[in-house]
Amino acid sequence: MTTHWLIKAVGCPEDFPVRVCGLLRADGVSAATGELQSAAGKVAVLTARPVNAVLSGGGSGIGGVIEVAPDDSPADIARVLDAGIAADAWFISMCNSSALDFSVVNAIIKGAGASLGFADNMSLDRIDDMETVLRELLMNATVHGNLELPSPGISLSLVGRHHEEVAKRLDEAPYRDRRVRVEAALRDGAVCLSVIDEGPGYEPGPGPGDHAYSGRGMKVVREFSDSVTLGEGGRRVTAAFLLTVSKAPQPEAREDVLAAVDSAVFGCKVLIVDDEEILVEMARFQLEDAGFSRLDVAFDGESAWRKIIDERPDLVILDHTMPGVTGLELMARARADDRFRDTPFILISAHEDREFRAAAYHAGATNVLIKPVEPDLLVHRVRQLLTNLLLLRRLHAYRRRVEQELKQAQRMQEALMPAKDAVEALSKNNDVHLAGRFQMSSELGGDWWGCTDFGDGRFGLYTVDFSGHGVGPAINTFRLHTLMRDYPPPLDGPGGYLTRLNGRLCDIIPRGQYATMLYGIVDVAERQFTYAATGTPPPIFGCVDGSIIATAECDGVPLGLSRRSIYEDRVIDLPDNGFLFLYSDVLLEGTGLDGAMLGDEGLMDLVRGTLKSELPERALDRLVEAFLARTVQPLEDDLTAVWLAF
């Protein structure tokens, strides 16, 4: 059955939809007249206004939006609309300048979510991941695809020329006439976001650099989505996000887990141990009648021990009074072996006194049953203990998987820090000594530092500290890293740069989360550090001989809290033979063995002690080692420290 499309114009001439419809190849399309109330089918909006304005109402009744430029003809828009209808997906088609607008990303995700209905089946963090990936893909499609520009170099002059070239090509044929299309669809239990450009395409190479920030940076896209595919000669990139549950697990999900465990219980291996054959056969019959299919028996302690070693039963039922090795001795032997730490043991005995029960549990019994044992009670206890065992195994497996994923994420975050050879090269090129230390307080952290060599004796330094610890702040560091990579420091100074970063960060981090950040540029020849800060600890600077030590101002609203925040440049005049020390607040707030925080004066004392020592190239290591020696471990917050000496 052909889906009917109704075309509506917003800000375009009234007859524009009619003229477009007359040029379409697709069937079942008509132009809307007057106010659009409701439609049986899909609505495509042709708009001369920003895409954000069309989607601000949620976009639940919209199947597609096409941005119409002043020089677009009906034939141009008909070609775009035909492609959108043929895609069988919710779509947006826009000009290059709109695709570079960061605010359009949030509107697109909200519009697609309202139209396709996936918002309730995605966690808020996963929605944030989708926005991060879409920003990356739009940047790639526009700059590298439609405008055919490579990534800028790391020097300030090259970055400036790159921005100038972007602005130039946005108004230059044939680049200005190309479009970016975004498609969203639900396929195979996933939200599939596709971004299509109209450039010449590209072929990704086999090397590791193909995922880095040279050419089309795909590293962030691959890290934040579940799968990525390329098509149409590299002009189409599709990122898939598996549907998840944003709220607490639904009862059906819990019931599915319990049903799976309950079914698996009857396939567990059970060993029955007793020196009286009639009792063994009775227990075997009771369990077989209940549905247990993997039963084994032993008639003395030694043979039972060999079967425990060789067969690794999931549960053992054993009598206490047996010749040779008793039930208590067998359990004690098993519990001494880590392989059987979690194996349930049901001890059956005629002893009813409290002292025997205490001895049984001390030896390692999971449960004690008194003879004669009711059949229903035995079956119930076996099922109960095996269910607990299988759930425990699932928990251990989940924990191992989480630990592996956390280690992988930790390696990813550590990769954000400057490489040792890059720091050494910057030091050599600028005739300075630069060193950094980073230590997480947990598996993942929210701290980060970096440097950028602009050439001509100028380089940038920055430190970042996101609120909190663990997975959330770590994800925020990746978000900020993406922003800083896509928007390198401009020519108007650190204050303007932090102001723009703050506006964009407010769009992508959850409400209530924030970052303190210091960004500055070192001018080696002028011995100046021009910086802007957002509530970081004050930098410490002075002479390496200790004759001058001072702190600089660092007040400011943290990034991500308010769009109205504006940050100003400040300047530190550094002395000859000087040093600059940047650090995170754990060096002030770390608790000593006496229960007291180090504080400002305590940190200044550590710095003075460091300056009195020999080997200035190890100044930072000595300072951090002295701090760790007097501070209770593990640290309560991430530690970041950067030392610069001339």
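Summary table
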{"read-out": "Residue that is most open to solvent (accessible area, probe 1.4 Å) [pool: residues in the range 595-621 that are over 32 Å from the mean Cα position of the chain (by Cα) and charged (D, E, K, R)]", "value": "Lys612"}
{"read-out": "Residue within the range 31-50 that is small (Gly, Ala, Ser) and modelled with pLDDT of 85 or more present", "value": "yes"}
{"read-out": "Any hit, the range 438-460, residues being within 20 Å of Asn577 (Cα to Cα), basic (Lys, Arg) and surrounded by fewer than 18 Cβ atoms within 10 Å (Cβ to Cβ)", "value": "no"}
{"read-out": "Members of the range 92-112 that are open to solvent by less than 40 Å² (accessible area, probe 1.4 Å) and under 21 Å from Arg176 (Cβ atoms)", "value": "Ile92, Ser93, Met94, Cys95, Asn96, Ser98, Ala99, Leu100, Phe102, Val104"}
{"read-out": "Failed item, numbered, when Ala619 is tested on (1) of a type in the set (Gly, Ala, Ser); (2) touching a residue at least 40 places away in the same chain (Cβ under 8 Å); (3) not in a helix (DSSP H, G or I)", "value": "(3)"}
{"read-out": "Selection count where residues are assigned to a strand (DSSP E or B), within 16 Å of Asp101 (Cα to Cα) and of a type outside the set (Lys, Arg), scope the range 167-189", "value": "2"}
{"read-out": "Scan of the range 497-531 for residues that are over 24 Å from the mean Cα position of the chain (by Cα) and without any contact (Cβ under 8 Å) to a residue 24 or more places away in the chain, ordered by number", "value": "Glu526"}
{"read-out": "Where Val45 falls short, out of the listed (1) closer than 22 Å to Tyr175 by Cα; (2) of a type in the set (A, V, I, L, M); (3) crowded, with 18+ Cβ neighbours inside 10 Å; (4) touching a strand residue (DSSP E or B) at 6+ places or on another chain (Cβ under 6 Å)", "value": "(1)"}
{"read-out": "Hits in the range 622-646 (condition: of a type outside the set (Lys, Arg) and open to solvent by 50 Å² or more (accessible area, probe 1.4 Å))", "value": "Glu625, Ala629, Val632, Gln633, Pro634, Glu636"}
{"read-out": "Positions within the range 132-150 being open to solvent by less than 10 Å² (accessible area, probe 1.4 Å) and touching a helix residue (DSSP H, G or I) at 6+ places or on another chain (Cβ under 6 Å), in sequence order", "value": "Thr132, Val133, Leu134, Glu136, Leu138, Thr142, Asn146, Leu147"}
{"read-out": "All positions within the range 430-465 that are out of contact with any helix residue (DSSP H, G or I) (no Cβ under 9 Å at 6 or more places or on another chain) and within 17 Å of Val642 (Cβ to Cβ)", "value": "Asn430, Trp449, Leu461, Thr463"}
{"read-out": "Test result for Leu426, among the aliphatic types (A, V, I, L, M), within 29 Å of Arg527 (Cβ to Cβ), touching a residue at least 40 places away in the same chain (Cβ under 8 Å) and open to solvent by less than 30 Å² (accessible area, probe 1.4 Å)", "value": "no"}
{"read-out": "Scope the range 373-392; condition charged (D, E, K, R) and either in contact with a helix residue (DSSP H, G or I) (Cβ under 8 Å, 6 or more places away or on another chain) or in contact (Cβ under 8 Å) with a residue 24 or more places away in the chain (or both); matching residues", "value": "Arg381, Arg383"}
{"read-out": "Qualifying positions in the range 463-479 - within 12 Å of the chain's Cα centre (by Cα) and either over 16 Å from Arg222 (Cα atoms) or open to solvent by 10 Å² or more (accessible area, probe 1.4 Å) (or both)", "value": "Gly470, Val471, Gly472, Pro473, Ala474, Ile475, Asn476, Thr477, Phe478"}
{"read-out": "Close pairs (8 angstrom Cβ cut-off, 6 or more residues apart or separate chains): under 18 Å from Gly301 (Cα atoms) and open to solvent by 60 Å² or more (accessible area, probe 1.4 Å) in the range 345-363, basic (Lys, Arg) and not in a helix (DSSP H, G or I) anywhere", "value": "Ala350/Lys371"}
{"read-out": "Test: residue in the range 158-181 that is more than 24 Å from Ala83 (Cβ to Cβ), out of contact with any Lys or Arg (no Cβ under 7 Å at 6 or more places or on another chain), at pLDDT below 80 and acidic (Asp, Glu)", "value": "no"}
{"read-out": "Enumeration of residues in the range 571-608 that are touching a residue at least 12 places away in the same chain (Cβ under 8 Å), within 23 Å of Ser467 (Cβ to Cβ) and not hydrophobic (A, V, I, L, M, F, W, C)", "value": "Tyr583, Ser584, Asp585, Glu589, Gly590, Thr591, Asp600"}
{"read-out": "Members of the range 536-584 found to be open to solvent by 40 Å² or more (accessible area, probe 1.4 Å) and out of contact with any helix residue (DSSP H, G or I) (no Cβ under 9 Å at 6 or more places or on another chain), listed by number", "value": "Ser547, Ile548, Glu553, Asp555, Arg564, Val571, Asp573, Asp576, Asn577"}
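The values are calculated or read from the model by the stated rules, or taken from the named source; none is laboratory data. For clarity, every value in this text was computed on a predicted model and none was experimentally measured. Neighbour counts are summed over all protein chains in view; Cβ atoms, including those assigned to glycine, are modelled from backbone coordinates with ideal geometry. Quick note on the areas: whole protein, heavy atoms, side chains included, nothing else; ligands and nucleic acids left out. Shrake-Rupley method; radii C 1.70, N 1.55, O 1.52, S 1.80 Å.
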